[in-house]
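**Student:** The structure under discussion is supplied below as structure tokens; questions concerning it will follow.
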Amino acid sequence: MRLLTYNVRSLRDDAAAVARVIRACRPDVAAIQEAPRFWLWRAKRDRLARRSGLVVVTGGRPAASNLLLASPDVTVVSTGNVLFTADPRLHRRGAALAVLELAGARFALAGTHLDLVERPRLRHVGELHAALDAVAPTGVPTVVAGDMNDVPESATWRLLAQQRVDAVPAGDGFTYSARNPERRIDGVFADPALRIRSAEVIGTPDVMIASDHRPVLVEFELSPRRG
């Protein structure tokens, strides 16, 4: 299973390049942050999915601009959107959630974009874990993907890695900014039951013009369900 996580900055830079980046990565599932959420956000979301060769799973404005896309080969078992507790003068945060099946193997995915401020960011990690546990059936492995707005070795990163394995990309793993990457703030955290085959930060010419983040592509080995 190929999973892409990508902050697309509300498609304010080059929407066509964003779609080309996603399509070139050939993901089975994509967790998108800062998806369109204002005027005509559904139409823009659907257009992005079509141009990327994917379909909309869930998310958008009801998930605080987090969006899940998938290839037609992926079966959608269930979906959910959650808004985290609000803080005055800060952007509303949340997550898009889904239980998916590919080639007979089920997994649950949460795509999220955490806050710039540490205190709500740490609180929201707990809310994220609770929301994902609520939608994931017993025994189904879970994955968290998104823009964490924090770096490895931080308290946020440690909380995310308590229950799941950090899919560390090859090289320095820096994802921000796209043109001058100096920090790793985008990540994927997977259930230990999922074998991580590879992880990489994408740095093609289209990435440089598409958004202010570089996407992360992780490939997993899935195990079909028994019974």
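**Student:** Anything in the range 190-227 that is outside any strand (DSSP E or B), in contact with a helix residue (DSSP H, G or I) (Cβ under 9 Å, 6 or more places away or on another chain) and in contact (Cβ under 8 Å) with a residue 60 or more places away in the chain? List them, or say none.
**Tutor:** Listed by number, the residues that qualify are ASP191, ILE202, THR204, ASP206, VAL207, ILE209, ALA210, SER211, ASP212, PRO215.
**Student:** Filtering the range 93-116 down to residues that are hydrophobic (A, V, I, L, M, F, W, C) and not in a strand (DSSP E or B), which residue is farthest from LEU4 (Cα to Cα)?
**Tutor:** Within the range 93-116, the subset hydrophobic (A, V, I, L, M, F, W, C) is 95-100, 102-103, 105, 107-110, 114, 116.
Within this subset, residues satisfying the condition of being not in a strand (DSSP E or B) are 103, 114, 116.
Details: ALA103: 18, LEU114: 17, LEU116: 22 Å.
Across the range 93-116, the extreme among qualifying residues is LEU116.
**Student:** Still on this structure: Inside the range 1-22, can you point out the residues that are of a type in the set (Val, Ile, Thr) and part of a loop (DSSP other than H, G, I, E, B)?
**Tutor:** Correct list: VAL8 only.
To keep it simple, each residue is scored yes or no on (1) of a type outside the set (D, E, K, R); (2) crowded, with 23+ Cβ neighbours inside 10 Å.
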| site | (1), (2) |
| --- | --- |
| LEU90 | yes, no |
| ARG106 | no, no |
| LEU109 | yes, yes |
| VAL117 | yes, no |
| PRO120 | yes, no |
| ARG123 | no, no |
| GLU127 | no, no |
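**Student:** Give all pairs with beta carbons closer than 6 Å in which a residue from the range 34-58 that is in contact (Cβ under 8 Å) with a residue 60 or more places away in the chain and buried (at least 19 other Cβ atoms within 10 Å of the Cβ) meets a residue that is in a helix (DSSP H, G or I) and of a type in the set (Lys, Arg); count only pairs at least 6 apart in sequence or on separate chains.
**Tutor:** GLU34/ARG9
**Student:** Also, quick follow-up: Output the residues belonging to the range 117-143 that are assigned to a helix (DSSP H, G or I) and either more than 24 Å from PRO88 (Cα to Cα) or in contact (Cβ under 8 Å) with a residue 40 or more places away in the chain (or both). Steps first, answer last, please.
**Tutor:** To start, the set of residues in the range 117-143 that are assigned to a helix (DSSP H, G or I) comprises 118-135.
Across the range 117-143, the qualifying residues are HIS124, GLU127, LEU128, ALA131, LEU132, ASP133, ALA134, VAL135.
**Student:** What's the number of the condition LEU160 fails, among (1) more than 23 Å from ARG2 (Cβ to Cβ); (2) crowded, with 18+ Cβ neighbours inside 10 Å; (3) in contact with a helix residue (DSSP H, G or I) (Cβ under 8 Å, 6 or more places away or on another chain)?
**Tutor:** (1) is the only condition that LEU160 fails.
**Student:** One residue is enough: does the range 144-164 have a residue meeting the conditions in a loop (DSSP other than H, G, I, E, B), more than 15 Å from the chain's Cα centre (by Cα), small (Gly, Ala, Ser) and at pLDDT below 95?
**Tutor:** No, there is no match, as no residue in the range 144-164 is in a loop (DSSP other than H, G, I, E, B), more than 15 Å from the chain's Cα centre (by Cα), small (Gly, Ala, Ser) and at pLDDT below 95.
**Student:** Please go through the range 165-189 and give me each residue that is in a strand (DSSP E or B) and surrounded by fewer than 16 Cβ atoms within 10 Å (Cβ to Cβ), ordered by number. Break it down into steps so the answer makes sense when it comes.
**Tutor:** If we filter the range 165-189 for residues that are in a strand (DSSP E or B), which is where we start, we get 165-166, 176, 183, 186-189.
ARG183 - this is the single residue of the range 165-189 that is in a strand (DSSP E or B) and surrounded by fewer than 16 Cβ atoms within 10 Å (Cβ to Cβ).
**Student:** Considering each residue of the range 144-194, count those that are of a type in the set (Phe, Trp, Tyr) and more than 12 Å from PRO215 (Cα to Cα), and give that number. Spell out the reasoning first.
**Tutor:** Within the range 144-194, the first condition is being of a type in the set (Phe, Trp, Tyr), and the residues that meet it are 157, 174, 176, 189.
Now restrict to residues that are more than 12 Å from PRO215 (Cα to Cα): 157, 189.
So the answer is 2.
**Student:** Exactly one of these conditions fails for THR5: (1) polar (S, T, N, Q); (2) out of contact with any strand residue (DSSP E or B) (no Cβ under 6 Å at 6 or more places or on another chain); (3) buried (at least 21 other Cβ atoms within 10 Å of the Cβ). Give me its number.
**Tutor:** So THR5 meets the others, but not (2).
The values are calculated or read from the model by the stated rules, or taken from the named source; none is laboratory data. If you're wondering where the values come from, they're calculated on a predicted model, not measured in any experiment. Backbone-built Cβ (ideal geometry, glycine too); neighbour counts: all protein chains shown.
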